[in-house]
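What follows is a single structure, written as structure tokens, with notes after it.
Quick note: the coordinates plus some simple rules give every number you see, no bench work behind them. None of these values were measured; they are calculated from a predicted model. Here the Cβ is made from the backbone with ideal geometry for all residues, glycine too, and neighbour counts use every protein chain on show.
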Number of protein chains: 2
Amino acid sequence: MTTATVKAYGATASTEVLKPLDIQRRAAGADDIKIDISYCGVCHSDIHTVRDDWKGSTYPVVPGHEIIGRVVEVGDNVNSHKIGDLVGVGCMVDSCQTCSSCEQNLEQFCEKGATFTYNSKDKHIEGSQTYGGYSTSVVVDEKFVLRIPENLDEAATAPLLCAGVTTWSPLRHWKVKKGDKVGVIGLGGLGHMGVKFANALGAHVVMITTSPEKGKDAKRLGAHEVLVSKDQDDMKKHQGSFDFILNTIPVGHEMDPYLGLLKIDATMVLVGAVEPLKPFHGGSVIMGRKRIAGSLIGGIKETQEMLDFCGEHNITSDIELIDMQDINTAYERVTSNDVKYRFVIDIKSLK
Amino acid sequence: MTTATVKAYGATASTEVLKPLDIQRRAAGADDIKIDISYCGVCHSDIHTVRDDWKGSTYPVVPGHEIIGRVVEVGDNVNSHKIGDLVGVGCMVDSCQTCSSCEQNLEQFCEKGATFTYNSKDKHIEGSQTYGGYSTSVVVDEKFVLRIPENLDEAATAPLLCAGVTTWSPLRHWKVKKGDKVGVIGLGGLGHMGVKFANALGAHVVMITTSPEKGKDAKRLGAHEVLVSKDQDDMKKHQGSFDFILNTIPVGHEMDPYLGLLKIDATMVLVGAVEPLKPFHGGSVIMGRKRIAGSLIGGIKETQEMLDFCGEHNITSDIELIDMQDINTAYERVTSNDVKYRFVIDIKSLK
């Protein structure tokens, strides 16, 4: 198979910082789209994978699954996009397309295993793996290429591809609607999108945070109320009153206090903590028939719906734009929760 | 208010065994039914309350919320039951009847707090509390008195009032249907009813147990398969294949292995462990959008539906009948999980 050398940034070991390296991209096949990358968001998962926190990292790791760019080449069978289109690629670049999950537009749960945008086995290049968007271009099957509304700010659109759909999908799946009281726990890359979406869907949005100083910004982003979870009196006041809680906390944590906030039959959905949670009390769900659930990104169809909704409602992420060369400092700042609310790499700096 | 002295068995402190004592019952009011008790089931909650395991016990505690008996007196407003009828009383004897939970027939989640059959504040006798079915008679508001199908064995019907509805309610609420693959974890008082109900609802029932020796009995009760949870290979074979899991384990336990058995979007419902669970991994629900939920007994309407279903399908509990005087030995045997599958007290022995 013909390949082309492409500039990228990646890590060669879990203990190494990111540095420039060359990777091979396949030539566009009949079903493929070649994208000239303009922006790529920085997701906490990028850092986990670079540092092998979840094990299973194969080096070099070239992260990046919030990719925005322009179509520069299309294969013969491609009819969804044309040269010059503004497009995006999220967390997945392939799936079996035939299993029951794929048939339900839940490619993220493909029974054969979805091919993720980086650190997955590459179906197209024997013995190789996928490399993400910290690079100048990428070649992707058209089924995994998203249409980006042209009215949106390009750079600020990048995080929609992961942080956006990760919060959108549960809000939609659990049918959050006008007038629902929705809690969003944690105001980071995921949480700030959760607040924007829940607001745009007409919910009464309560930002639930340990940090009272985040309240003002939460309200600017669309929260109607702020609930400081360390304030016992305030927590008691909101007891049993939430229709839905989106929990974006990225690490293990106590769940009982949050479960106490739910109404009867209501659900708290975990989207951040791919980690062991702290023990919760069975009574916290038995009393009130409450539910804890999880949600992982979203399918391609749902991602497109989210992007179209963002186009209509003019929703993007709040970002800090950085050069590729600043990535290691950015990682430190993400780790210490010092970013409002997502870093996006200007890929021009890599070209 | 007129009261009558009634023979009962109860505990005067958390460290005491149960012994004979006299309690006061109110005279039947206009909305009340007086029941001559014939049988009362022994639930694990009885023991927890006697021993103050959940705190909040007020002594004397007279347990018993699986009550079967005959109507001996009815108030002027009563039209649901008449003298001589075979009736039952479960875990609740009063609720506000006006809150949103009560309006949805979920009296167990009454916003004002349901009055439980024992160890709850008694609305009818100032300064007193409710006393349960380890006694010769009881007076209960007609709304909390259930009709018992006459074709069923009286004694074996008693445990339906708690163990029955506790397992029936989640199977119905999560709409278990013909052909669903349903797991029941734990083969005790709750689990053996879960197996019978899931089978009667047409599901493919898998008994999930740590004890291979329970397999034969599980099949007799209605399980189609037995999955020994300590057998790693067998657990792997059933991975991602369950539509629903009813988890009756009464103590804190690891949940990750069981969550792995669920299909995408499927739910495991806890009905036994009113205790801190062991930590589970966020990935166990995030991957596959799975759910952990809880369920508490069931409402009065649902309890009646369950009893009618039992009448039609001739379903009762498997019981060991004991005399009131044997209760302390029975408690020891319940605690060491040595009962098939529910003790029922023959109240004749108390009269």
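Stretch A:GLU103-A:ASN151 to full length: gain in nm at 0.36 nm per residue minus the Cα-Cα span?
14.2 nm is the gain from fully extending A:GLU103 to A:ASN151.
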HN-Hα J in Hz across region A:309-317 - Karplus 6.51, -1.76, 1.60, θ = phi - 60°, x for Gly and Pro:
4, 4, x, 5, 9, 6, 9, 9, 7
Taking amide hydrogens as modeled 1.01 Å from N in the peptide plane, which residues meet the under 5 Å criterion relative to A:GLY10, leaving out close sequence neighbours?
A:LYS19, A:LEU21
For region A:136-151 and region B:1-72, what is the separation of their C-alpha centers, rounded to whole Å?
69 Å
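Please give the calculated 222 nm ellipticity per residue for chain A, where each DSSP H segment of at least 4 residues contributes -39500 (n - 2.57) and the sum is spread over every residue; nearest 500 deg cm²/dmol?
-6000 deg cm²/dmol
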Mind checking which lysines have their C-alpha under 18 Å from B:LYS214, skipping anything on the same chain fewer than 8 residues away?
B:LYS196, B:LYS230, B:LYS340
Modelled label-to-label distance, B:ALA13 and B:HIS173, 7 Å Cα→beta-carbon offset: nm?
3.9 nm
Using the 7 Å Cα-to-Cβ label point, sort the distances from B:THR12 to its equivalents in the other copies shortest first and give them in nm to one decimal.
8.2
Mind listing the label-point distances from A:ASP153 to the same position on all other copies, shortest first, one decimal in nm, points 7 Å along Cα→Cβ?
7.4
What average number of partner chain Cβ atoms lie no more than 10 Å from the Cβ of the residues making up B:270-277?
5
Given A:LYS178/B:LYS143; A:LYS55/A:LYS278; B:LYS34/B:LYS351; A:LYS143/B:LYS237, which pairs have Cα atoms separated by over 26 Å?
A:LYS178/B:LYS143; A:LYS143/B:LYS237
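Could you pull out the GluC sites (Glu not before Pro) across region B:80-141 that fall in loop regions by DSSP (anything but H, G, I, E, B) with no more than 15 other Cβ atoms inside 10 Å?
Answer by residue number: B:GLU111, B:GLU126.
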Inter-copy distances for A:ASP326, label 7 Å out on the Cα-Cβ vector, sorted ascending, nm, one decimal, are 7.9
Give me the distance between the Cα centres of region A:160-215 and region A:258-300, rounded to whole Å.
15 Å
Residues of A:105-118, mean number of Cβ from any other protein chain within 10 Å of their own Cβ, rounded to a whole number?
1
A:ARG220 and B:ASP122 label points (each 7 Å along its Cα→Cβ direction) are spaced in nm at 6.2 nm
